[in-house]
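Data first, discussion second: the structure below is written as structure tokens.
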Amino acid sequence: MTNNFSNIHSPNTSGGGQDDDRSWQDQANCLGVDPDLFFPERGASTREAKEVCRGCVVRLDCLEFALVNGEKFGIWGGLSERERRRLRRQRAQSTRRTATA
């Protein structure tokens, strides 16, 4: 599987999303960690990757980057693909409720 994670720290890489300020990446716990850890095979454990994220000072920045840029694969900001989908749905529902109120 191809992933963008290995290029995430490259200042010349464009994810195509709206988040162009990536200065937070220099402070990430995952800097220098094998990117394959964050892209486990289907059904494999995500525990180790989430441990790296757990104490990271830029975890929320990373998560927001993934949400804004539509990252569909891997662990970002300590959340799996499924967890990010759930969060996107919750945000969309909250936005709809606010708009109709």
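No value in this document is a laboratory result; all are computed from the given coordinates. This is a predicted model, so every value here is computed, not measured. Positions of Cβ are backbone-derived with ideal geometry, glycine not excepted, and every protein chain shown enters the neighbour counts.
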Mean Cβ count within 10 Å, highest first, over the residues of peptides 84-97, 45-58 = 45-58, 84-97
query = If you count, for each residue, the other Cβ atoms within 10 Å and average over each peptide, how do 65-71, 75-81 line up from highest to lowest?
reply = 75-81, 65-71
task = Give a residue-ordered list of calculated ³J(HN,Hα) values for the range 86-92 (Karplus: 6.51 cos²θ - 1.76 cosθ + 1.60, θ = phi - 60°; whole Hz; x for Gly, Pro).
result = 4, 5, 4, 4, 4, 5, 5
query = What are the principal axis extents of the Cα atoms in the range 22-100, in Å, biggest first?
reply = 45, 32, 19
